[in-house]
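Working notes for the structure below.
The values are calculated or read from the model by the stated rules, or taken from the named source; none is laboratory data. Quick caveat, the model's predicted, so the values are computed rather than measured. Glycine gets a Cβ as well: all are built from the backbone with ideal geometry, and neighbour counts include every protein chain shown. Accessible surface areas use protein heavy atoms only, side chains included; no ligands, DNA or RNA. Shrake-Rupley method; radii C 1.70, N 1.55, O 1.52, S 1.80 Å.
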Amino acid sequence: MNYSAIWSIGLLASVLVMPAQAAPTASELNSIISSKQQSQAQAQRTQDHIAELDDKTNETVSEYRALLRENAVLTAYTTQLAKQADQQQQLLNSLENNMANVRETRMELTPLMQEMVQVLTLFVQQDIPFLWQERQLRLAELNRLLDNPNIIVADKYRRILEAYQIETEYGDTIETWQAQLPLSDADKTVQLIRVGRVALYYLTPDHQNAGYWDNSSRSWLVLPASWLPKVKQAYEVADNKTVPALLALPLLETSVYSASETQPQEAL
């Protein structure tokens, strides 16, 4: 707003309306004009100061609103971080508890695994001696695993369970292979026939003689000639030379032999 023009107009109007007898002198008029001009200049400075304050106020309000928005964002972010930190702390506590449980389980599992290998070793020693070398090597490997600190407990336990599983599966299969008679001093290769875990037989290379493992005496015994065709049939089934059939084999008891047959004798 042009305050100079307003004051000039006001000053001129006041001079014009003054009575003739009260007309001021030139000196008084100059003094009045000077006073009015000073007042006008002060008013202009005041107005400029007000405008400057108004601009600063608007700027401050804008900054304040921006700070409020930033504070709201930071508050929400801090709240989210606090939730995440709480969840991570809970997870850390859970992991620490699990680690403590793992340490305790490892302490309990180590003697258990040792006992499992000992039981399996005793079982194999007392079992019929099929695949003797293979099974002995498996047991030796299990003992090496138990003594190896570079193998974690989980892997050790898994390998022991695998060994148990393999031993279990032997009871559901029939197979044949060539080898020397295990646990025998005879240096002679024969055809061994395993029927599950029930019995272990052998056929000589010329298929003219057969025998079986007597687990009660831990020795090999010769079968009577009357059982030779049955053992040959078991061999053909195990070797996939004929279709599976119901096998009538000796149950390794003297009662299966007739009175006219010769009792089993030690062989080889």
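Taken as a whole, the structure leaves Y157 outside the set of residues that are open to solvent by 40 Å² or more (accessible area, probe 1.4 Å) and modelled with pLDDT of 95 or more. Close contacts from region 221-242, counting a first residue that is farther than 24 Å from S184 by Cα and a second that is open to solvent by 60 Å² or more (accessible area, probe 1.4 Å) and at pLDDT 90 or above, with Cβ to Cβ under 6 Å and a gap of 6+ residues or different chains, come to T242/E236. Within the bounds of region 169-187, is there any residue that is under 32 Å from the mean Cα position of the chain (by Cα), within 24 Å of T121 (Cβ to Cβ) and open to solvent by 30 Å² or more (accessible area, probe 1.4 Å)? Yes, region 169-187 contains a residue that is under 32 Å from the mean Cα position of the chain (by Cα), within 24 Å of T121 (Cβ to Cβ) and open to solvent by 30 Å² or more (accessible area, probe 1.4 Å). Against the conditions (1) assigned to a helix (DSSP H, G or I); (2) under 24 Å from K241 (Cβ atoms), Q208 satisfies every one except (1). Of the residues N58, N93, N71, the single one that is of a type outside the set (A, V, I, L, M, F, W, C), part of a helix (DSSP H, G or I) and under 20 Å from the mean Cα position of the chain (by Cα) is N93. The set of residues from region 188-209 being within 19 Å of F123 (Cα to Cα), surrounded by fewer than 21 Cβ atoms within 10 Å (Cβ to Cβ) and among the charged types (D, E, K, R) comprises just one member, R197. Here T110 passes the criteria (1) in contact (Cβ under 8 Å) with a residue 12 or more places away in the chain; (2) open to solvent by less than 50 Å² (accessible area, probe 1.4 Å); (3) out of contact with any strand residue (DSSP E or B) (no Cβ under 7 Å at 6 or more places or on another chain) except the one numbered (2). Of everything in region 142-154 that is assigned to a helix (DSSP H, G or I) and surrounded by 12 or more Cβ atoms within 10 Å (Cβ to Cβ), the residue that is modelled with the lowest pLDDT is V153.
Those residues that are surrounded by fewer than 21 Cβ atoms within 10 Å (Cβ to Cβ) and more than 16 Å from D127 (Cβ to Cβ), I need them from region 210-224; list them, please. Result: L221, V222, P224.
Scanning region 243-252 for residues that are among the β-branched types (V, I, T) and open to solvent by less than 80 Å² (accessible area, probe 1.4 Å) turns up nothing.
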